[in-house]
Amino acid sequence: MNLHAEAGQAQPRLATIDVNEVPGAPGIAHAGAMHGTDVREYEALLQFLYMAPAGLVQLGADGAISMLNPLAAELLMPLSQDGGPSNLFDVLALVAPDLKLLCRNFHAPHGQICDAVRLYLHADGTARGPQVLSLSMLKLDACRLMAVLNDITAQDRRERQLRNADAWLNAIMTNITNYALVSIDRRGRIESWNDSIGRVTGYGHDIKGQPYALFYPAGATAPAQLLDRLRETDENGWSLDEGVHLRADGSQFWGSSMISPLPGRPDEEAAYCLIIRDISDNRDASDSLRKAAYCDHLTGLSNRRAFFEAAELELMRRKKALRPVALIMLDADHFKAINDRYGHPAGDAVLCQLAATMKAVCRQVDVLARIGGEEFAIILPSVGLADAFAVAERLRTEVEQVPVIYEQHAIACTISLGVAVMEEDMSGFEALIKRADQAMYEAKHQGRNRTRIYS
């Protein structure tokens, strides 16, 4: 029985199936022995598969698709590289690189392998079709799996808005006495001081006139991003940030900072209220939640979800204040050969050391993400092409010079990198990704272990 949708059809039509050619199925008699009631029930089952509000895919243990309904075909077609979805593991390799291993390691005779895992497909809202899919996998028996796919793009966006609202309420209601309050002008300079500043951060009256960046460690933010938060406050009514903050004595603490506009007369310059709270006691719980949702479990870098959300935010900021944004795409060279020779744990060690090198070379403000098996991406806000190329070359050199030590083996590793910058004629971040990706593959085709700029 083949329920494949015809390629190119936006709305696949319901096929006419000759029940005399339908093989037997559990609970349904073979067509040759079917009575009228059985035939009607079977046709109703087929109609349900076609009309189901979710994408349904039946596949073998190796990922080969045996049947799927039209909605599943519609959701998977944009991800298919060869024009038609034939193997689910291959189709989802970029957005769910661990799916094949997850299914292989599920040893129970049947049951749920994963439930409502989110797959982030695009980097901004300019792409047509779904941007976030929900995937559930079921094991039917030793030879058959079932996948259930749903487009949850709108739901994911609403949940993000609700999380921000919850964070706002939590900032107001939790430990309300343990906060530092300061007013800042429209350029981000501190206008006033009070006792709460000294109590939480240790700073004195001399901070007046300085940018509120002094509450952050060097490299944790950039001047343009500090002004971005003020613009977001103007638009949304508030801006919330959580991360490492700095005290006057140089010590660090985990803090939550919220900016809201101060009311004033229409002819006055905009002014803002900045509230900083020390939430170090809650950091472990906060970190666990953040890592579960936004971190790659192997390397500790951002995952695809966090990368795409950061890309969307950076694109919004650039539209309001034009400035350079660079992207580096990089891929570990000959990674399959490393896995084949030394084993997958050694390959994992290579990826972890590569992630550590990325953290050492890049700024705290940069977004470092693992977006595929051995493929990584770096968003560099407020960085032009020449500086982005310099960062990429520094990273390439560091990786080449330091082998990975695993079980007394020194594993040499190199990377290929592609660099691109956002330009005026580009409609969204997806176009930037394609350019950086194209430059990266050019580096690979030219011999690997090199950096190429998109041209």
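None of the figures in this text is laboratory data; all of them are computed from the coordinates on show. All of these numbers come straight from a predicted model, not from anything done at the bench. Virtual Cβ from ideal backbone geometry, glycine too; neighbours counted across all protein chains shown.
Residues with beta-carbon under 10 Å from that of residue 347, excluding residue 347: net charge, scoring Lys, Arg +1 and Asp, Glu -1? Provide the component values of the computation, followed by the final result.
Working: positive: 336, 341; negative: 340, 348, 374.
Local net charge: -1.
Counting neighbouring beta carbons within 10 Å and listing from fewest to most, the residues 302, 192 come out as 192, 302.
Report the full-extension gain for the segment residue 281 to residue 218: residue separation times 0.36 nm, less the Cα-Cα distance, to one decimal in nm.
20.4 nm
Cβ crowding within 10 Å ranks 296, 281 as 281, 296, fewest other Cβ atoms first.
Modelled spin-label separation between residue 445 and residue 102, with each label point placed 7 Å from Cα along the Cα-to-Cβ direction: 3.3 nm. Candidates 384, 337, 327 compared by Cα position along the dipole of the stretch 294-453: farthest toward the positive end lies 384, with charges placed on Cβ. 3J(HN,Hα) along the stretch 442-455, derived from phi through the Karplus expression 6.51 cos²θ - 1.76 cosθ + 1.60 where θ = phi - 60°, amounts to 5, 4, 5, 5, 8, x, 6, 6, 7, 10, 10, 9, 4, 9 Hz, with x in place of Gly and Pro. Near residue 260, once Lys and Arg are set to +1 and Asp and Glu to -1 for all other residues with Cβ below 12 Å from its Cβ, the sum equals -1.
Around the Cα centre of the stretch 340-455, unit charges on the Cβ atoms of Lys, Arg, Asp and Glu (plus for the first two, minus for the last two) sum to a dipole of about 240 debye.
3J(HN,Hα) along the stretch 216-230: 10, x, 4, x, 6, 8, 10, x, 5, 6, 4, 6, 4, 5, 5 Hz, from the Karplus curve 6.51 cos²θ - 1.76 cosθ + 1.60 with θ = phi - 60°, whole Hz, x for Gly and Pro. Each Lys and Arg Cβ is given +1 and each Asp and Glu Cβ -1; about its Cα centre, the stretch 175-278 then shows a dipole of about 180 debye.
A crude spin-label estimate for the pair residue 319 and residue 144, with each label 7 Å from Cα along the Cβ direction, gives 4.6 nm. Going by neighbour counts of Cβ atoms within 10 Å, the residues 374, 393 line up, fewest first, as 393, 374.
The local environment of residue 443, defined by Cβ-Cβ distances under 10 Å, has a net charge of +2 under the rule Lys, Arg +1 and Asp, Glu -1. Volume per residue of the convex hull around the Cα atoms, evaluated for the stretch 175-278, comes out as 100 Å³.
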